[in-house]
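K.L.:
The structure follows.
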Amino acid sequence: AGMMGMNVSAAVVHSGNPITTIPVTKNVLTDGNTMAPNTTFEFEVAVADAGTFNDGNKDQVVYKGIAGGLTAETGAAFTPGGSAAETYTAEGSLKTDAAVFERPGVYHYTVTEKANNYEGVTTDTTSYDVYVYVYNRTDGLYVGNVVSAKNGDKANLIFNNDYGQDKNKDTTHDVVIKKVITGNQ
């Protein structure tokens, strides 16, 4: 009587006509008594080598990325305020530029998080492979798909940072409010 649940990894295959912006999710994990850090996390895109990538349908021949074809656009900005939470989430973005490519194909990049020296924040050292699919049409080349992968498997671009998540080790950020009652009731 219910609909069949299909587990489609649509979130990790960004497609468009053309596609120009790809979101990058940043989670800051705390023990629940910590305000968000007052910082912006930046991302780094690097050209990666040629090879092959199995995108779930077939082995794709992959070209070395072209500088400027995929770049970091915006960082993920956090501002303390409101109430403390266990997880804070912000979005950064990457940008594609079809104009730098000379021919259709799948181009390989890596995306990492730049080290952030904000006190108490542990940098996520995950490296993602990002494959930019460039197609041809009458008005020129365009980026039609972007697939991100971690260790060969499709995965969303998500970076997680520990910011005192372990209560036993968190010594720098806890905000404790005590109500002191004086008088002789």
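K.L.:
When residues of region 55-94 are filtered for being more than 23 Å from Tyr118 (Cβ to Cβ), of a type outside the set (D, E, K, R) and outside any strand (DSSP E or B), how many remain?
P.N.:
7
K.L.:
Could you pull out the residue among Ala98, Ala67, Ala76, Ala115 that is open to solvent by less than 10 Å² (accessible area, probe 1.4 Å) and under 21 Å from Ser148 (Cα atoms)?
P.N.:
Ala76
K.L.:
Of everything in region 157-169, what is at pLDDT below 95 and open to solvent by 40 Å² or more (accessible area, probe 1.4 Å)? Give them in sequence order.
P.N.:
Across region 157-169, the qualifying residues are Asp162, Gln165, Asp166, Lys167, Asn168, Lys169.
K.L.:
Any residue at all in region 35-45 that is modelled with pLDDT under 90, open to solvent by less than 70 Å² (accessible area, probe 1.4 Å) and either closer than 22 Å to Gly144 by Cβ or in contact with a helix residue (DSSP H, G or I) (Cβ under 8 Å, 6 or more places away or on another chain) (or both)?
P.N.:
Looking for residues that are modelled with pLDDT under 90, open to solvent by less than 70 Å² (accessible area, probe 1.4 Å) and either closer than 22 Å to Gly144 by Cβ or in contact with a helix residue (DSSP H, G or I) (Cβ under 8 Å, 6 or more places away or on another chain) (or both), one finds none in region 35-45, hence no.
K.L.:
Let me ask something else about it. Do the conditions hold for Val106, that is, is it under 12 Å from the mean Cα position of the chain (by Cα) and either closer than 20 Å to Gly56 by Cα or at pLDDT 95 or above (or both)?
P.N.:
Working: under 12 Å from the mean Cα position of the chain (by Cα): no; either closer than 20 Å to Gly56 by Cα or at pLDDT 95 or above (or both): yes.
The answer is no for Val106.
K.L.:
Hey, could you check region 59-96 for residues that are in contact (Cβ under 8 Å) with a residue 40 or more places away in the chain and among the acidic types (Asp, Glu) and say which is farthest from Glu42 (Cα to Cα)?
P.N.:
Glu86
The values are calculated or read from the model by the stated rules, or taken from the named source; none is laboratory data. These figures come from a predicted structure and were not determined experimentally. When we count neighbours, we look across all protein chains shown, and the Cβ atoms used for this are built from the backbone with ideal geometry, even at glycine. Note: areas computed on protein heavy atoms with side chains; ligands, DNA, RNA excluded. Shrake-Rupley method; radii C 1.70, N 1.55, O 1.52, S 1.80 Å.
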